[in-house]
Structure formats: C-alpha cells, structure tokens
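The block underneath contains the structure these notes are about, expressed in structure tokens.
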Amino acid sequence: MSTLNKTLQAIRPIDPQWIESAQRRQLELTKPPGSLGRLEEIANRCCAIQETLQPTTARPRIVLFAADHGVCAEGVSAYPQEVTAQMVLNFLRGGAAINAFARAGEIELQVVDVGVAVPPPVSNDLPKARDFLDRRVRSGTRNFCVEGAMTEAEMLAALDAGIELARAAALDGCDLLGFGEMGIGNTTSASAIAAALSGKPVDAVVGAGAGADDACMMRKRSAIERALVLHSASLSDPLGILRCVGGLEIAAMCGFCFGAAAHRVPVVTDGFIATAAAALAVRVAPVASGYLFASHRSSEPGHAHFLAMIDQQPLLDLGMRLGEGTGAALAMKLIQSSVAAFTGMATFASAAVSNKGASNK
C-alpha cells in the first residue's frame, strides 16, 4: 500500500464527544460562559484533536515549502523566477518576514526545497542551514498551458514529502503545526485550482498576487483559461487538478495536511496558496477539515472560496497577502493563548469564586 493510502486510512474524524467534554470544562472556568468567544472553540477543538482535556501547544513548528512553476513562461508574474531561490537563501539567513514572526513567536521554522528551478547554493555557514531540507522532486513544474504540471509519480513524490515531514514533526514532539510556501508563479496555480474546484469564472478567483500589473493580469487569466480547457478531462478529480495545474510545493503542503491529521496534530494553514493545498486535501479526505485552522483571510479573491471548501473561519483578517507562513505564525499565538486559558485558568470551585446562579448564603 502506498504512503498516501496508508496515511489517508489513518485519518479519523474528530470525536464530537471530546468537543462536548471541553465545552463542559469551559463552563467550570472562572469566566462568564462564552466570554472568550472563538478562543473557546479553538481550545475545544484542540482537545478533540489530541483527545485530552489537557491539550498542549508548547512546541510549534512551521514548514515552508519552496518550488518553481513552469507557467512562469507565460509571463504571469511580476517577479523573475530566480527570486524563489533567492528567497530560500533569505529564509536561511533569517532575513524574511516569516523569520521575524517565528522569532517573535518562538516557532521552529523548517525550509524545504521540493522543486526550486535552480537549487539554491546552501552552505553550512548560513545561520539557518541546519533547518534546510532537500526534498527536490524536479526542477519546477512544467508549463501547464502546454502539458500537465506534474506526472503522477512526481505528484505522489511531493505528496509523500509533505506526509513524511508532518510525521517527523509529530515524532519530534511538535504539538502545533503550520505551513507556508514560496514559489514565483504560484498564485497562478492556486487560482487555477480555485477555478477548477469551485466552478467559478476565472475572473472571480484571480488576484494580483505579488503585484501584477494589468498586462500581467491579462496573461495570468489567459493562461488559466487555456489550461482549464486543455486539462478538462482530468479536472473532476482533486488529485487530477493537483497534477495538471498545481505545484510541487502545493502537493507537499497537501500531503502535510494529511500527515498532520493522521498523527492528530492541529495544523494551521496560511494564505491563498497554502489554503489551495488544504482545500485539495479536504476534497480527498473530508474528515481532515477538523484538524485545520485557517490563520487569516487573504486579500486574494479566490481565498474566500477555499475557506468555504475547508469549512473554516479565518482567525485574523489583516489584509495580508505575503505567504511564507506569516499568517500561520501569527495565528499560532492565538491558538496557544486559547489552550493556555483552557488549561491554566482556575475553576470556580478551586478559586472559591461563586458561579452564575450559585447560592449567596
């Protein structure tokens, strides 16, 4: 049996009885019922995911997957493709936004090359070199306007890489996971996935990505429309969509969702591209939705459709559209705070505080 099939078989639905037990526990804590709003829902679901009333989120980790896209040949990005490798080096030097957020949040960060077009020259003198993982499947995807972005074997290899990294994180003791991406041209792939999964017109799901101008936007829409026609016979299946118009990093993130759910670890999705991977994961394994937390609402128009597909309300709405796992890093602190309140607050009984409706004798 393949790694993918074994992992999918290991994903169990969230048990609603654990949610109910956590809700009863919330009523015992020294606060008015429901006064922490959605933070209570977050803690309750962490209890259900970990199947305990003493959930932990003390060791968070974000895995950042990098890969390039052959569709860049169609002129769909405002930035040249070599920026992907340059940004990988920036991550390893500690100079990107995600590095700053990870430092502030005391979050482990791993950077994974799953398909950068030109392998970045990673050397041991880089501050974060020990956190770099080579899981290259190939040097970027093919141009999906001409042929499928990946072969089935390449797609499965990228999915397996994500599954393996989630498993490794769980074995390392990580109890809260997040994921992000880097890949010039990947908003084009994510938009194509949004159109294929939702059935919405291309115009309704395509945004400016990393600052595309009007001419670039026209090329982007045209590329997606042509790809949807070219691959129409394969787009009824979520893995067919992934193979034909996805990306290696999107496949790896999809696998990461499967792996986190199989190992019962809460996992925080980032913005538009990361949530494309989560939406594909949920289409393949609907019960995986219970393990996901949507970090924020991206300003990309297609993101709202993905959020509906994974049945998650974003924790933040800050107008962000950077990627890199930055939204996940911010949301992790909210999740940790919700769990800290659940496990650290006194009960009415232990604090000798009168509960609502208690006798005043």
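The values are calculated or read from the model by the stated rules, or taken from the named source; none is laboratory data. If you're wondering where the values come from, they're calculated on a predicted model, not measured in any experiment. With ideal geometry, Cβ positions are generated from the backbone for all residues, glycine too; neighbour counts draw on all protein chains shown.
Out of VAL137, VAL112, which single residue is touching a strand residue (DSSP E or B) at 6+ places or on another chain (Cβ under 6 Å) and part of a loop (DSSP other than H, G, I, E, B)?
So the residue among VAL137, VAL112 that is touching a strand residue (DSSP E or B) at 6+ places or on another chain (Cβ under 6 Å) and part of a loop (DSSP other than H, G, I, E, B) is VAL137.
Has segment 137-149 got any residue that is of a type in the set (Val, Ile, Thr), within 25 Å of LEU228 (Cα to Cα) and either crowded, with 24+ Cβ neighbours inside 10 Å or touching a Ser or Thr at 6+ places or on another chain (Cβ under 6 Å) (or both)?
yes
Looking at segment 72-92, can you tell me whether even one residue there is at pLDDT 95 or above, over 19 Å from THR188 (Cα atoms) and outside any helix (DSSP H, G or I)?
no
Can we say PHE179 is crowded, with 24+ Cβ neighbours inside 10 Å, farther than 28 Å from CYS46 by Cα and of a type in the set (Phe, Trp, Tyr)?
Spelling it out, it is not the case that PHE179 is crowded, with 24+ Cβ neighbours inside 10 Å, farther than 28 Å from CYS46 by Cα and of a type in the set (Phe, Trp, Tyr).
May I ask you to list the residues in segment 126-136 that are in contact with a Leu (Cβ under 7 Å, 6 or more places away or on another chain) and either buried (at least 24 other Cβ atoms within 10 Å of the Cβ) or touching a residue at least 40 places away in the same chain (Cβ under 8 Å) (or both)?
Matches in segment 126-136: PHE132 only.
Could you check segment 273-318 and list, in sequence order, the residues that are under 23 Å from VAL206 (Cβ atoms), touching a helix residue (DSSP H, G or I) at 6+ places or on another chain (Cβ under 9 Å) and part of a loop (DSSP other than H, G, I, E, B)?
Matches in segment 273-318: SER295, ARG297, SER298, SER299, GLU300, PRO301, GLY302, GLN312, PRO314, LEU318.
Could you give me the residue pairs with C-beta distances under 6 Å whose first residue belongs to segment 300-311 and is touching a residue at least 12 places away in the same chain (Cβ under 8 Å) and within 12 Å of ALA196 (Cα to Cα), whose second residue is of a type in the set (S, T, N, Q) and assigned to a helix (DSSP H, G or I) wherever it lies, and which are 6+ apart or on separate chains?
From segment 300-311, the pairs are GLY302/SER191; HIS305/SER198; PHE306/THR275.
Between a residue in segment 114-125 that is over 19 Å from ILE250 (Cα atoms) and any residue that is surrounded by fewer than 22 Cβ atoms within 10 Å (Cβ to Cβ), which pairs come within a Cβ distance under 7 Å, given they are 6 or more apart or on different chains?
So the pair list comes out as PRO120/ALA85; PRO120/LEU89; VAL122/ALA129; VAL122/PHE132; SER123/ALA129.
Given segment 1-69, what helices (runs of 4 or more DSSP H) lie entirely inside it while holding 1 or more residues that are in contact with a Phe, Trp or Tyr (Cβ under 9 Å, 6 or more places away or on another chain), under 30 Å from ALA85 (Cα atoms) and of a type outside the set (Asp, Glu)?
Details: elements: 3-10, 16-28, 38-50.
In segment 1-69, 3-10 are the helices (runs of 4 or more DSSP H) which contain 1 or more residues that are in contact with a Phe, Trp or Tyr (Cβ under 9 Å, 6 or more places away or on another chain), under 30 Å from ALA85 (Cα atoms) and of a type outside the set (Asp, Glu).
Regarding ALA10, is this residue at pLDDT 95 or above, surrounded by 21 or more Cβ atoms within 10 Å (Cβ to Cβ) and more than 21 Å from ASN355 (Cβ to Cβ)?
Values: at pLDDT 95 or above: yes; surrounded by 21 or more Cβ atoms within 10 Å (Cβ to Cβ): no; more than 21 Å from ASN355 (Cβ to Cβ): yes.
Against the criterion (at pLDDT 95 or above, surrounded by 21 or more Cβ atoms within 10 Å (Cβ to Cβ) and more than 21 Å from ASN355 (Cβ to Cβ)), ALA10 does not qualify.
This table checks each residue for (1) within 21 Å of the chain's Cα centre (by Cα); (2) acidic (Asp, Glu); (3) within 30 Å of ARG130 (Cα to Cα).
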{"site": "PRO16", "(1), (2), (3)": "no, no, no"}
{"site": "ALA43", "(1), (2), (3)": "yes, no, no"}
{"site": "THR56", "(1), (2), (3)": "yes, no, yes"}
{"site": "ARG59", "(1), (2), (3)": "yes, no, yes"}
{"site": "ALA66", "(1), (2), (3)": "yes, no, yes"}
{"site": "GLY70", "(1), (2), (3)": "no, no, yes"}
{"site": "ALA73", "(1), (2), (3)": "no, no, no"}
{"site": "ALA78", "(1), (2), (3)": "no, no, no"}
{"site": "LEU89", "(1), (2), (3)": "no, no, yes"}
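For segment 93-103, which positions are among the small types (Gly, Ala, Ser), assigned to a helix (DSSP H, G or I) and in contact (Cβ under 8 Å) with a residue 40 or more places away in the chain?
ALA97, ALA102
When SER338 is evaluated against the numbered criteria (1) without any contact (Cβ under 8 Å) to a residue 24 or more places away in the chain; (2) touching a Cys at 6+ places or on another chain (Cβ under 9 Å); (3) of a type in the set (S, T, N, Q), which criterion, by number, is the only one it fails?
That leaves (1) as the condition not met.
Take ARG61 and tell me if it is buried (at least 23 other Cβ atoms within 10 Å of the Cβ), touching a strand residue (DSSP E or B) at 6+ places or on another chain (Cβ under 9 Å) and either over 30 Å from LEU228 (Cα atoms) or among the small types (Gly, Ala, Ser) (or both).
It is true that ARG61 is buried (at least 23 other Cβ atoms within 10 Å of the Cβ), touching a strand residue (DSSP E or B) at 6+ places or on another chain (Cβ under 9 Å) and either over 30 Å from LEU228 (Cα atoms) or among the small types (Gly, Ala, Ser) (or both).
Which fully enclosed helices (runs of 4 or more DSSP H) of segment 151-251 have 1 or more residues being free of Cβ contacts under 8 Å to residues at least 12 places away in the same chain and more than 23 Å from GLN86 (Cβ to Cβ)?
The helices (runs of 4 or more DSSP H) meeting that bar are 152-171, 214-230, 238-245.
Consider THR30 against the criteria (1) touching a helix residue (DSSP H, G or I) at 6+ places or on another chain (Cβ under 6 Å); (2) of a type in the set (Ser, Thr, Tyr); (3) within 25 Å of ILE107 (Cβ to Cβ): it satisfies all of them except one. Which criterion is unmet?
(3)
Out of all the residues in segment 324-361, which are at pLDDT below 95 and either closer than 27 Å to GLY271 by Cβ or assigned to a loop (DSSP other than H, G, I, E, B) (or both)?
Of everything in segment 324-361, those that are at pLDDT below 95 and either closer than 27 Å to GLY271 by Cβ or assigned to a loop (DSSP other than H, G, I, E, B) (or both) turn out to be ALA352, VAL353, SER354, ASN355, LYS356, GLY357, ALA358, SER359, ASN360, LYS361.
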